[in-house]
Each structure stands twice: as structure tokens, then as C-alpha cells.
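These notes are about the structure you will find just below.
The values are calculated or read from the model by the stated rules, or taken from the named source; none is laboratory data. Fair warning: this is a prediction, and the values are worked out from it, not measured in the lab. Every residue, glycine as well, gets a Cβ built from its backbone with ideal geometry; the counts of neighbours run over all protein chains shown.
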Amino acid sequence: MLTRLLKCIAGLLWEFPKFIIVAEDTPAMSRKIMIAPSILSARFTHLAEDVQEAERGGADLLHLDIMDGHFAPNITFGPAVVKQLRKETAIPFDAHLMISHPLQYIEKFADAGSDWIVVHAECEDSLSESLKMIKDLGVKAGISLNPPTPFSEVKDYMPDLDMLLIMTVNPGFSGQKFMSEVMEKVVQAKKYCEEHSLNIDIEVDGGIGEQNAGLVARSGGNILVAGSAVFKGERGIAGNIAAIRQAAEGVATGGGAAADGGSTGGGAAAETGL
């Protein structure tokens, strides 16, 4: 109970400065670029070490890809791993529940230390009930959309969200190419948030690296999930995070052209947040 109360207080402190920004800024405000390394690409035999290096390297969130073998054709890890990892780092946890029945597991992942919990629009449980449960536990709530699912499916839920996660690969396997055509959905979501003065982070997950981070940011994404590009890139974990951030922030601040492949129609390198 004390843990949940502290999470509620922390959530209010997190949101308070955002309310000030909303009041003072224009509807078309920009949001802070955040990098969320996906631990699915980290070394599981040295998981704590890799996560701590990502934290020292400036990672803003840690992305936890949770798959049940049913919603997504793969099985990853559960709340027991999250609970142990919570002891090793102070970085906020972003739990992405790629599972068919999130209502059975939301409380477990909240108790394990998740700061954000995201459920899929395509899951078999009630989205309204799922979002309410997440909020009642003092955790930030989000909905994720698979590539084929249109943005219109979540419009009614947008006022209740802290985050909208848009997938640019299909859940389940690494090594998939970034689907640049999904950026139109990111543009739609960003425009909707601006038109309705909604204070929502837009997270993009799948195939993101330095080469397309600028495209994601220019389209409206402000939380970039990256797996192999962070944990397996040539610059080392900290250097990879810095390179992705620089590519994204160069666009977000109106700086130089970002390395995004030059076109929304071209495929990007086969890196995936999964």
C-alpha cells in the first residue's frame, strides 16, 4: 500500500510541471525527446550491467517487452524478472504488455516496479477496465497500436492516456525492418493531440536507430524505443544512445537534417525495439 501511495505522489509531481507547460505554451508545443532502450536486445547473462550502463549513458526509460506466446508468437519474461531488475536501477520502467489478457497481469507488473504500463488496443480484455486498473495503481497508462491498426481505434481513449505507443514492426521477433509507412499514423496522433490540447507522449517502437530517429521525431514521436541500436551498436551503449538522441533532437529543435534515409517511403536498417 505504501509503495502505491508513493507512486501516486510521484505521478502527481511528474505531471505538475507538464500542466504549467500546457498553460503557458501553444497547442503545437514540442515535447522532450526520450530514449527508451529495449532490454530484449541486452545481454541477459549481464542484464543488470547493461541496464546500469544505459542509465549512466542517459537513457530516459527502460522498455520492457512482455510477450505471452499468444498475443505475440514469442515468450519473453514476467514480473519476477522485472522485480529483480528494479533493485538494480532507478531508471523508470516502461512495461509494454504484448499479451492477450492484460487484466490478469497489470497489478503484478505494477507491484514489480513498473512506472508505465501499456496495453494493446488489439488485446482481448476491456481497454477501459485495463486503463482504469493501471491508473488506480498509481501507474502511468498507455495503449499500443500494431502496424495494421488505425489511429481511429483509440481516439475515444486518448483523454485517459499518458502515452500512445505506435508499433513500426509486428510484435514478436527481432530483425524486422522499420515500417516507414506507419509514420503517417504518428503524424495523425500528434495532430490530434495538438488539436485537442492533450498532454500525451507518443512512443514509437520497432526498427529505430540513428538512421531514422530524425524521421520519427519529425513525424511527432518523442519517445524512441531502440533495442539492437543501443545494446549492439558500434559506439557502445552510451555512445549509441547519444547518437540516436542527437539525430532526433536535431529535427525536434529545428536543427540540421537528420539521418533518416531521406524518404518516408524507404525501408530502414533491420533493427528492432523488440
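The set of residues from segment 146-164 being surrounded by fewer than 19 Cβ atoms within 10 Å (Cβ to Cβ) and under 17 Å from Leu131 (Cβ atoms) comprises Thr149, Glu153, Lys155, Asp156, Tyr157, Met158, Pro159, Asp160. Annotation: of all residues in segment 179-206 being touching a Leu at 6+ places or on another chain (Cβ under 9 Å) and not in a helix (DSSP H, G or I), the one that is surrounded by the most Cβ atoms within 10 Å (Cβ to Cβ) is Val204.
Say whether the condition of being within 19 Å of the chain's Cα centre (by Cα) and at pLDDT below 55 is met by at least one residue in segment 18-29. Within segment 18-29, one or more residues are within 19 Å of the chain's Cα centre (by Cα) and at pLDDT below 55. Note on segment 97-144: residues that are over 19 Å from Asp205 (Cα atoms) and either modelled with pLDDT under 95 or hydrophobic (A, V, I, L, M, F, W, C) (or both) total 11.
Among the residues of segment 29-54, those identified as closer than 16 Å to Lys87 by Cα and crowded, with 19+ Cβ neighbours inside 10 Å are Ile39, Asp50, Val51, Glu53, Ala54.
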